[in-house]
Amino acid sequence: MNYEPSSGYALTDETERPSRRRAWIIGGVIIVLVLIAAFVMMRPGKTAPADSAGGKQGEQLPPVTVAAPGNNIVDRTVTGTGSLAARVDMPVGVAGEGGRVTAVLVQPGQWVAAGQVLATVDASVQTQTANSLEAQIAVARADAKLAQANVDRAQALVGNGFISKADLETRIATRDAAVARVRVAEATLAQQRAANGRLAIRAPAAGLVLTRSVEPGQIISAGSGALFRMAKGGEMELRAELSESDIQTLSVGARAQVTPVGSTQTFNGAIWQISPVIDPNTRRGIVRIAIPYDKALRPGGFASASIYGGASTAPVLPNSAIQTDTKGNFVYVLDKDDKVQPVRVTTGEVTDAGVTITSGLTGSERVVLQAGAFLNPGQKVKPILKQIAKK
C-alpha cells in the first residue's frame, strides 16, 4: 500500500514562500534608506549656527582697507589758460598832420623813455611857415614900437595945447592895436611850432616797443592807424579764461603762478582785474593776472596759470579710493554692519597728498581705500583700519 502526503502539508509550503520574499524586499528597502540618510548627513556644507560677529561659521569675508580721512587744511587752487598780452597796450600813431617819414629810430624789443622820438617826419614846409611867422612878429613889434613913440610925443604936446585929447586917444588906440597884433603873431608862431613838434612820432610813456609798422619814405596821416605798439612800463599780463563758478571764488590781489607754453619756468603774478561780464554762450569770464616783465614773456603767446584762492578744510583721499561711473565720481563707505555703500562725491584739486573731496563727505566716514572696483553695494567685508597722515 502506497503512502501519499496529505493535502494540508502542500498548502503550508506554498504560503510561506511569498512571505519570505516580502521580508527580504522590505529589509533591502530599509537598508537603502539608511544608507541614503547617512550620505545626506555626512555631505559637506552643512548649515551651522551664526557666530557672534553676525556672519556664519566658516564664511570667508574679504578683507578691505578703510580709513576715516578727517579734514585737512588745503590750498584752494584754480587753474586756467589764456593769452599773454601787454597790461597796458599803447598804440602810437600820427598826432599831427603827418607827412613823409624821414627816419625810424627804434626797433621792436627796444626800451624807450617818455617823449622819446620813435620816428621823424619831413618838416621842411612847416619850418618855412614858422620862419614866416617869426618875420611877421618882427613887423608887428616894429609897428607897436612906432605906435608907442607916437603916443609918447602926443602926451608931451597935449599939455602945451598943440594937439587935442581926442588925437591922443586915437594914437593910444593905434598903439594898443599894434601890441595886440604882436601877441597874435606870437601865438600863431607858438601854434606852428607845437604842430611842427607833433610831426615827430613820440613815445607817450616809458615802456617796451612791441611792434613797428612804418618805414622811411612812407607817407603817413591821421588815418594811417597805429605805427607802433608799446607795453607801458614793460608790464605783461595773462588774460586767463575761467568758468563762472571759479571766478566767484577769486578776488583782486590773489596770487598766481604763470607758466608759458613750452617752458618750465614759472612767473609770479597777481590778479589785478576780474571781468564783470560772463560770456552768455561759454559761461566763462576773463581774469587778468599782472606779471613783471621778462624776456621769456611774449604777448600773443599761450600760458597756463595756477591761482591761489585761499585755504579751506576738506577730506583728502588717495586716488585709489575714487571710483567713477557714468554718473560721476563716488567712493565706497562702510555702514554700521560693515557693508559697503556708494556715496557720490565732488573732487577738487589733485596734489601729491591725494584728491581733495569738496563735497559728499564729512571726513568721519570709513572709506574704502583700495579694491573698490571689486566690491558690490551691500557686500559685507572685513574692515582693516588704516590711519591717513594729515598734511
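The values are calculated or read from the model by the stated rules, or taken from the named source; none is laboratory data. Since the model is a prediction, treat every value here as computed from it, not as a measurement. Glycine gets a Cβ as well: all are built from the backbone with ideal geometry, and neighbour counts include every protein chain shown. Note: areas computed on protein heavy atoms with side chains; ligands, DNA, RNA excluded. Shrake-Rupley method; radii C 1.70, N 1.55, O 1.52, S 1.80 Å.
Between VAL333, VAL355, the distinction of being in a strand (DSSP E or B) and either open to solvent by 60 Å² or more (accessible area, probe 1.4 Å) or modelled with pLDDT of 90 or more (or both) belongs to VAL333 only.
Taken together, the residues in the range 257-309 that are closer than 16 Å to SER245 by Cβ, open to solvent by 70 Å² or more (accessible area, probe 1.4 Å) and outside any loop (DSSP other than H, G, I, E, B) amount to 1. Taking each residue of the range 85-100 that is more than 26 Å from ILE286 (Cα to Cα) and looking for partners that are among the acidic types (Asp, Glu) with beta-carbon atoms closer than 8 Å, six or more apart or interchain, yields GLY99/ASP122; ARG100/ASP122.
Against the definition (closer than 30 Å to GLN126 by Cβ, in contact with a strand residue (DSSP E or B) (Cβ under 7 Å, 6 or more places away or on another chain) and not basic (Lys, Arg)), how does GLY269 come out, yes or no? Against the criterion (closer than 30 Å to GLN126 by Cβ, in contact with a strand residue (DSSP E or B) (Cβ under 7 Å, 6 or more places away or on another chain) and not basic (Lys, Arg)), GLY269 does not qualify.
Only one of the listed residues (VAL158, VAL179) is at pLDDT 85 or above, surrounded by fewer than 18 Cβ atoms within 10 Å (Cβ to Cβ) and of a type in the set (A, V, I, L, M, F, W, C). That residue is VAL179. Filtering the range 101-128 to residues that are buried (at least 17 other Cβ atoms within 10 Å of the Cβ) and under 29 Å from ALA178 (Cβ atoms) leaves only GLN126. Please verify whether SER359 is small (Gly, Ala, Ser) and under 19 Å from VAL78 (Cβ atoms), treating the condition exactly as stated. For SER359, the condition - small (Gly, Ala, Ser) and under 19 Å from VAL78 (Cβ atoms) - is met. Criterion applied to GLY8, GLY98, GLY54, GLY58 was being modelled with pLDDT of 60 or more and either out of contact with any helix residue (DSSP H, G or I) (no Cβ under 7 Å at 6 or more places or on another chain) or open to solvent by 80 Å² or more (accessible area, probe 1.4 Å) (or both), and the one residue passing it is GLY98. Could you tell me whether any residue of the range 121-144 is more than 30 Å from ALA303 (Cβ to Cβ) and in a loop (DSSP other than H, G, I, E, B)? Yes - at least one qualifying residue is present in the range 121-144.
Just so you know, in the range 73-113 the residues that are within 22 Å of the chain's Cα centre (by Cα) and small (Gly, Ala, Ser) include one that is farthest from GLU349 (Cα to Cα), and it is ALA86.
Selection of the range 318-330 for residues being part of a loop (DSSP other than H, G, I, E, B) and either surrounded by 12 or more Cβ atoms within 10 Å (Cβ to Cβ) or in contact with a Pro (Cβ under 9 Å, 6 or more places away or on another chain) (or both) yields PRO318, ILE322. Residues in the range 75-95 that are under 18 Å from VAL214 (Cβ atoms), among the hydrophobic types (A, V, I, L, M, F, W, C) and open to solvent by 50 Å² or more (accessible area, probe 1.4 Å): ALA95 alone.
With respect to being touching a residue at least 40 places away in the same chain (Cβ under 8 Å), surrounded by 16 or more Cβ atoms within 10 Å (Cβ to Cβ) and part of a strand (DSSP E or B), VAL340 fits the description. Checking each residue in the range 182-204 for being among the aliphatic types (A, V, I, L, M), outside any strand (DSSP E or B) and buried (at least 16 other Cβ atoms within 10 Å of the Cβ) picks out VAL182, ALA185, LEU189, ALA195, LEU199, ALA200, ALA203.
Taken together, the criteria place THR313 among residues that are part of a strand (DSSP E or B), open to solvent by 90 Å² or more (accessible area, probe 1.4 Å) and either within 30 Å of SER364 (Cα to Cα) or at pLDDT 90 or above (or both).
Restricting attention to the range 207-243, the residues being part of a loop (DSSP other than H, G, I, E, B) and either of a type in the set (Ser, Thr, Tyr) or open to solvent by less than 50 Å² (accessible area, probe 1.4 Å) (or both) number 10. Among the candidates GLN126, GLN148, the residue that is in contact with a helix residue (DSSP H, G or I) (Cβ under 7 Å, 6 or more places away or on another chain) and closer than 26 Å to GLY217 by Cβ is uniquely GLN126.
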